[in-house]
Structures are given as C-alpha cells and as structure tokens.
Amino acid sequence: MSVYTQLTDDQFAAFCQRFGVSFARAIPITQGIKNSNWFIQTTDDVDGAHSYVFTLFEERPPEDIEKMAIILNQLDGKLPVAAPLALLDLGADSAEKFYVIRYDNKAITLVPCLAGSHPQQTTQAMCHEIGAALAMLHETLQALQPAEEYGVPLYPWNEVRDRERQFMPADEAKLMSDIWRAYSDLPLATLPKGLCHLDMFADNTLWNLQVGEERLTGLLDFTEVSVEHYVMDIAITINDFCTTWGDAEQGESVNFDRSKMAAFLQGYESKRILGEDEKRALPVMLAKAAVIFWLLRLNVIHYNRTEGRTGDNIMVKNPDLMKRLAAYHWSHVEKAQNTVFMLLAIDNKTENPIAGVFSNITQAEQARDKLSNSSDFVIKEYTLDQLA
C-alpha cells in the first residue's frame, strides 16, 4: 500500500499548476509505507517517462516538511538532492519562498526525479565520495541559523534504552551500558555540532553503478535532520557504508571493513578537517551509533507489537546485526584503552631509547614525523599489564 489518501486527476492538475508543472498523469509508487507517493508524468514527457515525485506526507506536520524543503534547497546545486519546487502563486509582493501545499492538514511537495540505483555493495571509491558529500552537507547547512529552528528534536533513545535493557540478557545489557557510559564520558561540549542527516545509509543514496565509474547521483530521506555532533553523523554513515551485511543464506554476517573507513575519512577530510577531539571520539561514536540503530530496530518491534501492526508492508530489520556491530566497535575501544604506542630509537646504544609514549598510533606517527631524524625511530605497540 503506497497511497493512503486518494486524489482525483483534477486535484493533481490543480496542485501541480501551483508549482508550475503541467500535469498529464499520476502513477502510484508501490514501495512507500509511510506516505502517499506518485510519479508525475507531465505533458512534455514521452510515453512511460516521468519527471517528478508527488508526495503527500501522512504523518509529519506541514511545518516540519517546510523546514526539510528549506534544507534541501540550501543543498541544491552543491549536492545531488531532490529539492522541492517552490510555489509560484504567492503573489508579486511575496519575497519569501514556500515549498509546501497544505491539504487536509497534510503537506504536499513536488520534487524532480533523481537518476540512479541503490547500491547492494559499496567500494572504497564510493566510501570516499560519500565521505566528501557528508562533509559538504555539514559545511553547507551551517548557513541555516539558528540551526535548532530547522532540525527536528532528537529522539529520546535513553527512554528506549531503559525500557529494553530490562528484558535483555545480562551480557547485552552490560554492553549497551558500557558503550553509553563511554559516550557520556567524551568531551561532548568540545565536539562541533550542526545540522546532520543522521540516516545516511546506502539505501538512502542513489548511484550510477557502472563498474569502475561509480558516481553519487542522489541523497535521500531528509526527514530526520537534527542538530547533533558531526562525528555522530560520520559514525552512522561509516557503520553502513563500511559494513557488508550478509543475507540469511550467509548467516546474516556482519563484516566491517576498516580500509573502507579510511577511504571515507579521507574523503570527508578533503572537504572538512576533523578536530583532534573528534578523531579521539570516533571509536566510541561508532559503537554508540550502532547502539542507537540497535535500539531503533527494537523500538519498531515494540510498537508493532503494542499497536498490533501486521501485514506484508511491515518491514522489520534484525536488531541483532546492530548489536554485533556495536560489540565489534566496543572491542576495539577496549583494546585501545589497554594499549600504548612507544616511539623507540632504532639504535640500541642510545642513552634513552624511549622518545615518547602515546595512547594511539596517530599521535605516535605525528610525533615521529616532527623529528628531524624520524627514520631513526620505530613505533611499537604494547598491551598494558603484560610482559613485553
């Protein structure tokens, strides 16, 4: 079911005219489960083609959709987004643009169709490109101030955590609590914030997928844009783009690719340099982002059960996959907490062979690079409380 509100051809023609589009035909879109969607064929389209997507938002208030439309139009021209068309019938005296028709207390938008397909798998090159795109999104949306007036409130995931944790096995509850505590201990006040997408999964992007020429052609689903730490948005995107999710026949495996993450971060920093606090926070943020989507999937199951939601259109993603990804990231955080990196002189005759001790490899490499005789030093990794 993709159409909940029925409209006549005369209504479609009248609504499209307000956006300056000549209506010929509305074709229902079958994939949607939240809103009513149609492809719009115009009088200029050849048979079988369609130029626009007409959406009637069934749940979100028109005020939220108007904010989303402003965000998309701010990004238009810098990133491949489907920016809602502006209304043309506001009168010559109207200096402000509006993008939403209000119908029966619901919002209607008309956006151009984007080319491309959802990727089934990602490559390092794609991770690099989506990293650069996310940084451009963060930079561009800084122009919308105050940011809180454009983003929707963050969901109270702590309430979902408290509800779900009481039903979890002890080891799962401890994993969630440990990650949440580590997140709370981060220097959150020093981490840059702004408008973030917060759902940049691969299935919310479109690509030209010709082998060797993969190119980003669309960024989708801006309904959850909120003010959040940029490094959280980075972590959410990395978690999906850099993980290969096995299907049921593959045992629903979860395989994180750190080389893809490195490519993503290189792409991101080609547009916006990460601060040192952001780099140090990223490992914990990766784990926390996985916990959020673990809770999101548990929350969907909870509401399906309590509200009696059933049927073929009720899609439930396995929360266990995000739990396993959270555990993977947390294991790396725990290892880093018990590991030091020593910068040692290669010449054993040196009076003091230890040039420095560092908490992570990046700081050790940066310190070595500052030495005039850097080639005379080597970095070795040691685990605390163990014999070398």
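What does the extension gain come out to for K370 and D247, with contour length at 0.36 nm per residue minus their alpha carbon separation? Write down the numbers at each step before the final one.
On the way: separation 123, 0.36 × 123 = 44.28 nm, distance 4.70 nm.
Here the segment from K370 to D247 would lengthen by 39.6 nm.
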In the calculated pair distance distribution of region 126-170, what percentage of Cα-Cα distances lie above 13 Å?
72 percent
Can you work out the FRET efficiency for the pair N255 and D277, with r the C-beta to C-beta distance and R0 = 35 Å, to the nearest 0.05?
0.75
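How much of the accessible area of the chain, in percent, comes from carbon and sulfur atoms when a 1.4 Å probe is used?
Numbers: 10130 of 20280 Å².
Percent of accessible area from carbon and sulfur atoms in the chain: 50.
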Go ahead and estimate [θ] at 222 nm for the chain from helices alone: -39,500 (n - 2.57) per DSSP H run with n ≥ 4, summed, over the residue count, rounded to 500.
-12500 deg cm²/dmol
What full-extension length gain, to one decimal in nm, is calculated for T383 and R102 as 0.36 nm per residue of separation minus the Cα-Cα distance?
95.0 nm
Give me the distance in nm between label points sitting 7 Å out from Cα along the Cα-to-Cβ direction at A115 and L87, one decimal.
3.3 nm
Taking Cα pairs under 8 Å and at least six residues apart, what relative contact order does region 15-166 come out at, in percent?
21 percent
On a 0 to 90° scale, report how tilted helix 258-269 is relative to the longest principal axis of the chain, with both axes built from alpha carbons and the result rounded to the nearest 10.
70 degrees
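Would you mind checking K335/K380; K260/K380; K97/K193; K34/K193 for any pair whose Cα atoms are more than 19 angstrom apart?
Details: K335/K380 15 Å; K260/K380 25 Å; K97/K193 27 Å; K34/K193 29 Å.
In this structure, K260/K380; K97/K193; K34/K193 lie more than 19 Å apart at Cα.
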Rounded to the nearest 10 degrees, what's the angle between the helix 230-241 long axis and the longest principal axis of the chain, both from Cα atoms, 0 to 90?
80 degrees
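Considering all alpha-carbon pairs of region 193-234, what whole percent are spaced by more than 15 angstrom? It would help to have the intermediate numbers written out before the result.
Values: 426 of 861 pairs.
Beyond 15 Å sits 49 percent of the P(r) for region 193-234.
With N set to the number of residues, divide the alpha-carbon radius of gyration of region 175-215 by 2.2 N^0.38 Å and report two decimals.
Values: Rg = 17.3 Å, N = 41, 2.2 N^0.38 = 9.0 Å.
Computed over Cα atoms of region 175-215, the ratio equals 1.91.
Based on alpha-carbon atoms only, what is the radius of gyration of the chain relative to the globular estimate 2.2 N^0.38 Å? Mind dumping the intermediate values first?
Numbers: Rg = 24.5 Å, N = 388, 2.2 N^0.38 = 21.2 Å.
Ratio of Cα Rg to 2.2 N^0.38 Å: 1.16.
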Quick one: Cα centre-to-centre distance for region 204-263 and region 7-69, in angstrom?
28 Å
Rg in Å to one decimal, and Dmax rounded to a whole Å, for region 1-133 via C-alpha atoms:
16.0, 50
One point scatterer per Cα, no solvent, Debye formula: log10 I(q)/I(0) for region 152-223 at q = 0.19, 0.20, 0.24, 0.26 Å⁻¹ comes out as -0.96, -0.98, -1.10, -1.17
Give me the Kirkwood hydrodynamic radius of region 72-172, using the inverse of the mean 1/r over all pairs of distinct Cα atoms, in Å to one decimal.
18.2 Å
Against the longest alpha carbon principal axis of the chain, how many degrees, from 0 to 90 and to the nearest 10, is the axis of helix 276-306 turned?
50 degrees
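The values are calculated or read from the model by the stated rules, or taken from the named source; none is laboratory data. Remember, it's a predicted structure, so these values are computed and weren't measured experimentally. Heads up, the Cβs are rebuilt from the backbone with ideal geometry, glycines too, and the neighbour counts pull from every protein chain shown. Heavy atoms of the whole protein, side chains included, go into the accessibility calculation; ligands, DNA and RNA do not. Shrake-Rupley method; radii C 1.70, N 1.55, O 1.52, S 1.80 Å.
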